[in-house]
Structure formats: C-alpha cells, structure tokens
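Novice: Here you go, one structure.
No value in this document is a laboratory result; all are computed from the given coordinates. Please read all numbers here as calculations on a predicted model, not as lab measurements.
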Amino acid sequence: MNANDAALTGLATAQAGSSVQDVAPNAPGNPTFNLIIEGVAGSAIGNSGAPYDLRISALDLTAGGLASAIIPPPPPFAAFNAGSGWALCGAGPNYQFTTTMNIPIPPPVPGGPLAGHVLQFVVSLVTVNAQIVSIIRSEPFVLV
C-alpha cells in the first residue's frame, strides 16, 4: 500500500459475539447483531493523527430507502492513530483498523419492523482535506 493512502477493506454483519459474516445476523431471533468494519493505511498516514469522517448508512433494499433504525452513531472523533483503533500490521510498515459495533434491533424483536427485509450497510471514510476517500458496502442481509 502507498505510504500516504488508506482504504476500507472489509464490512460485514455477524451474529452478536461473532466475527464471521452472516446473511441472517440475528438468527434465530437475537435482539442485536454486529457490524464489523476493517481498513488499512500506509506507514505515513497510519499513525499521523490526521482526522477523518467515518459515515455509516443502512439501506432497506426491500422498501427502497434508509433503514435509519439500525444506523449506529458515528464515532465522535476519528483519526489515524491508536486512540481510534489503528495499529501496526504485525511487523509493519502498514497499519490496520478493525472495529465491531453492536447494532440493536428496534422493538418488537426478534426482527422488529425490518423483519424479512433485505438490508445493506454502506460506510465511507473521508479525510478532512478530502485527500483520502474510501467507500465500502456490505453483502445484503436479512433480519429474521
């Protein structure tokens, strides 16, 4: 990877407490599921402290709109540093980032008002100066 670049590399839904991608992440009726976001950054940017916005959207592909009830709040401040979760990849020189967000399903559970809907997350990372931009989307999934 270029020393001055970064990219989102993974976005998956999983059962609560798991890191394995699942297309029915709340089956067999759990009230929450995980959203896992992964990224990599080059050696110069990975610990630079440069701020960025991490935006998360959830789309309801069945109804054709936002699924705002399952959109987690963005981190209050995100930057390329250890405080935001960036760490050296093994012996380096690149950095990696993984965060797991627990997503509650709106009542009534198990699937809430989105039960049976096909959904998808989209996440973007944009540095304040817009020099680094990365977008990734999850595989479609269904709440049951």
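Novice: Mean separation of Cα pairs under 8 Å and 6+ residues apart, divided by the residue count of the chain: what relative contact order is that in percent?
Specialist: Here the relative contact order equals 32 percent.
Novice: Can you list the residues, at least 5 places off or on another chain, whose amide H is less than 5 Å from the amide H of residue 86, using H built in the peptide plane?
Specialist: 81
Novice: May I have the convex hull volume per residue, in Å³, for the Cα set of the range 6-142?
Specialist: Cα-based convex hull of the range 6-142, divided per residue, equals 100 Å³.
Novice: Considering only C-alpha atoms, what is the centroid distance from the range 52-126 to the range 1-31, in Å?
Specialist: The distance from the Cα centre of the range 52-126 to that of the range 1-31 comes to 9 Å.
Novice: On to the next question. How long are the semi-axes of the ellipsoid equivalent to the range 8-58, from square roots of 5 times the Cα gyration tensor eigenvalues, in whole Å, largest first?
Specialist: 29, 11, 8
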